[in-house]
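Some notes on the structure that comes next.
Read the figures in this text as sums done on the coordinates, not as results from a lab. Since this is a predicted model, take the numbers as computed values, not measurements. Counting neighbours? That spans all protein chains shown, and the Cβs are built from the backbone with ideal geometry, glycine included.
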Amino acid sequence: MNNEEKIASQINKLEEKFKDSGQDLSSYLDGLLYQRYLTYWDYIHLDTLLSLQVPRTHFPDEEIFIMYHQITELYFKLILHEQKQLVDDRSNQIAFFIERTQRINNYYKALISSFSIMINGMQREQFLRYRMALLPASGFQSAQYRMIEIYATSLNLLVHQTERNNFTQETDIEKLFEHIYWKKGATDKQTGDKTLTLKQFEYRYTPRLVRIAKQVQDRTIYHKYLNLSKAAKENKTLIAELKKLDVNANVNWPLMHMGSAYRYLAKDKATIDATGGTNWKEFLPPSFQKIIFFPTLYSSQELENWGKEWVEHQFNPQNSEV
């Protein structure tokens, strides 16, 4: 096919594409003719993006704090982008399942490796001062992270481990949501009262999170795996990627937060409360929560010891890797 034939073929395809739009191809070509060239800065809305950092204090490191959390939320959006494709997929093709799970793990890898910015990239003295201007805001209020959990596994597996045996997959979504594990992380242990951080979060996001949980009920990534054929469920690459996702989301990522919390909120024998009043020492350790997206992939011993060996690895003074 010569160049003229190729152009004619493309014009025919464009006419076919636009024939049902109410406008002929000539009108669309006029629009293309008058349209200005696209630039990089316009395409990614660069000026807007760079204007979204609005510190509340004069401390220079607060801008680092803001940008890092904005970057984190963008990675969460990428993870959700892949999760939604997995949940909506009807092909049950093992290659698609593996590829999307690998993408999610790559996003987590970037997130986890980047957390050294939070652990080592700010002055502790500055943080302890500007954090007081952020009350009661907290990273606890990341709705996207809660969505990631809901897309990943059955909601009954996200109930706090002290109550998990009281519920099943058939329990009403609203009831399960009331007992979801992270609520205890922003509840006063002495009085049982919810912190303002939790109250704000529930008011804004509970309807949305419950709606998503209902939409993906029996269709989470874990359910997609359980509904695969016996041969597909035994695929070693898929199992390895799902287990890696479990560890990234439920062990490594919380451990990075623990490292940051110890860096900024723990000093000698004194412990400073987090900005949202979250009891981080009991909320962040993976072995305390035992949130596991894909429990059937592990032995009973692995389930019992969940998070312990990784905690020892991450906080071993001889371990120089983050």
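A few notes on this one:
- Number of the exception - P55 against (1) in contact (Cβ under 8 Å) with a residue 24 or more places away in the chain; (2) farther than 30 Å from F97 by Cα; (3) in a helix (DSSP H, G or I): (3)
- The residues listed here are R219, R204, R208, R146; of these, the one that is closer than 25 Å to L74 by Cα, charged (D, E, K, R), under 22 Å from the mean Cα position of the chain (by Cα) and not in a helix (DSSP H, G or I) is R219.
- In the set K236, K230, K244, only one residue is surrounded by 14 or more Cβ atoms within 10 Å (Cβ to Cβ) and under 28 Å from L297 (Cα atoms); that residue is K244.
- Residues in the stretch 27-65 that are in contact with a Phe, Trp or Tyr (Cβ under 8 Å, 6 or more places away or on another chain) and within 29 Å of M122 (Cα to Cα): 9 in all.
- Residue match in the stretch 161-172 (condition: surrounded by 15 or more Cβ atoms within 10 Å (Cβ to Cβ), farther than 22 Å from S299 by Cβ and among the basic types (K, R)): no
- Residue check, L38 touching a residue at least 40 places away in the same chain (Cβ under 8 Å) and either surrounded by 13 or more Cβ atoms within 10 Å (Cβ to Cβ) or out of contact with any strand residue (DSSP E or B) (no Cβ under 7 Å at 6 or more places or on another chain) (or both): no
- Only one entry in I94, I7 is of a type in the set (V, I, T) and under 30 Å from A143 (Cα atoms), namely I94.
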